[in-house]
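Enquirer: If you scroll down you'll find the structure; I have some questions about it.
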Amino acid sequence: MRVLFIGDIYMERGREAFDRYFAVVKQRTKPHIVIVNGENIANNNGLTEAIYKDYLTRGVHVFTMGNHAFSRKDANEVLNMDYVVRPANYGEGTPGKGYVTLQFNQKTVTIINLLGRVFMRDPIDNPFTVMDRILTEIKSDYVVLDFHAEATSEKYALAHYLDGRIDAMVGTHTHVQTADEICFPKGMLYISDVGMSGVRFGIIGGEVKQGIRKFVTGVPERVFPENNGPLQFSAVLLDLEQKKIERIAIQEQYEGELHG
């Protein structure tokens, strides 16, 4: 079972990166399941019904979300769509679902979404104990977790907690792809962060001038996307049978960039 997981697609230019590179990557990797983190995929954050339907026709099977799952006015409707998974550790009665199970060639794979608590503002339940509960509810051949979290230490702690209990855990949220892809001792595939698909030299997708101004002045501002510059496409390929993880990082060059 090969799963292609595409890291946070950041608004319009992130969708442009997807348009430009997804078909090429899909042809090379030949995944059975394609997962996209879509919490920032629409302009002004969140996921829209139009993007959801379009991407399903193009070969995406599941959207995972994160702390921007509820950013849009139509979030309740979008989160209740069949193949959208929002963080499972929101409280009881929250719209949407925390996991979804797919079937491929007589095998089942469950995709779960959780939100971290360290440095995050949402009043959410403990991801460790919520994961314990979910694992008692599901019966699946493979389990893949998108852990949308800020702190690497929290990600590593949960990874050790789940090693041998699930098949893969991928981190999202920081928008910076890490180089620590690994198979844990008991067989769980792992990477701290898949990275972002969008403008390569933005400030994690945000506008450069605005980001600098925010840190210099200390005045909070709503983040607007950086729309200029070369693109990047970030993903990982998970081979759940062979226990292999491949990091995918496509980075467009800018004028005058040297490679040696």
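Listed here are the residues, each with its yes/no results for (1) out of contact with any strand residue (DSSP E or B) (no Cβ under 6 Å at 6 or more places or on another chain); (2) surrounded by 21 or more Cβ atoms within 10 Å (Cβ to Cβ); (3) under 22 Å from G205 (Cα atoms); (4) not small (G, A, S).
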| site | (1), (2), (3), (4) |
| --- | --- |
| R2 | no, no, no, yes |
| E16 | yes, no, yes, yes |
| T29 | no, no, no, yes |
| H32 | no, no, no, yes |
| N37 | no, yes, yes, yes |
| S71 | yes, no, yes, no |
| N80 | yes, no, no, yes |
| N89 | no, yes, no, yes |
| E92 | yes, no, no, yes |
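Enquirer: Would you mind finding the one in L79, L115 that is within 15 Å of the chain's Cα centre (by Cα) and within 23 Å of I41 (Cβ to Cβ)?
Expert: Selected residue: L115, the only one of L79, L115 that is within 15 Å of the chain's Cα centre (by Cα) and within 23 Å of I41 (Cβ to Cβ).
Enquirer: In region 6-57, which residues are among the polar types (S, T, N, Q), within 17 Å of N80 (Cα to Cα) and in a loop (DSSP other than H, G, I, E, B)? Please lay out each step first, then the result.
Expert: Filtering region 6-57 for residues among the polar types (S, T, N, Q) gives 27, 29, 37, 40, 43-45, 48, 57.
Cutting the leftovers down to within 17 Å of N80 (Cα to Cα) gives us 37, 48.
Residue satisfying the conditions is T48 alone.
Enquirer: I would also like to ask the following. Right, N76: among the polar types (S, T, N, Q) and under 21 Å from P230 (Cα atoms) or not?
Expert: When the stated conditions are applied, N76 does not pass them.
Enquirer: Then there is this: Looking at region 181-204, can you tell me whether even one residue there is free of Cβ contacts under 8 Å to residues at least 24 places away in the same chain and within 24 Å of S71 (Cβ to Cβ)?
Expert: Yes - at least one qualifying residue is present in region 181-204.
Enquirer: Would you confirm whether any residue within region 53-71 is of a type in the set (V, I, T), free of Cβ contacts under 8 Å to residues at least 24 places away in the same chain and more than 30 Å from V24 (Cβ to Cβ)?
Expert: No, the conditions are met nowhere in region 53-71.
Enquirer: From the list G218, G205, G195, G171, which one is closer than 24 Å to R20 by Cα, of a type outside the set (A, V, I, L, M, F, W, C) and modelled with pLDDT under 95? Write out each step before concluding.
Expert: Numbers: G218 fails: closer than 24 Å to R20 by Cα; G195 fails: modelled with pLDDT under 95; G171 fails: modelled with pLDDT under 95.
Sole residue among the options that is closer than 24 Å to R20 by Cα, of a type outside the set (A, V, I, L, M, F, W, C) and modelled with pLDDT under 95: G205.
Enquirer: Identify all residues within region 199-213 that are on the phi > 0 side of the Ramachandran plot and either in a strand (DSSP E or B) or crowded, with 22+ Cβ neighbours inside 10 Å (or both); write none if there are none.
Expert: Of region 199-213, the ones on the phi > 0 side of the Ramachandran plot are 204-205.
Matches in region 199-213: G205 only.
Enquirer: Could you list all residues from region 214-245 that are closer than 24 Å to I41 by Cα, in contact (Cβ under 8 Å) with a residue 60 or more places away in the chain and surrounded by 15 or more Cβ atoms within 10 Å (Cβ to Cβ)?
Expert: Residues satisfying the conditions are P225, E226, L231, Q232, F233, S234, A235, V236, L237, L238.
Enquirer: Which condition number does K209 fail, the rest of (1) touching a Gly at 6+ places or on another chain (Cβ under 6 Å); (2) farther than 23 Å from A149 by Cβ being met?
Expert: Against the list (1) touching a Gly at 6+ places or on another chain (Cβ under 6 Å); (2) farther than 23 Å from A149 by Cβ, K209 comes up short only on (1).
Enquirer: A follow-up question, please. Can you tell me which of (1) on the phi < 0 side of the Ramachandran plot; (2) surrounded by 18 or more Cβ atoms within 10 Å (Cβ to Cβ) is the one G46 doesn't meet?
Expert: It is condition (1) that G46 fails.
Enquirer: Continuing with this model, one more query. Assuming L114 fulfils every condition listed in (1) in a strand (DSSP E or B); (2) within 19 Å of L4 (Cβ to Cβ) apart from one, which condition is it?
Expert: For L114, the failing item is (2).
The values are calculated or read from the model by the stated rules, or taken from the named source; none is laboratory data. Not measured: the values here are computed from a predicted model. Note: ideal-geometry Cβ built from the backbone for every residue, glycine included; neighbour counts use all protein chains shown.
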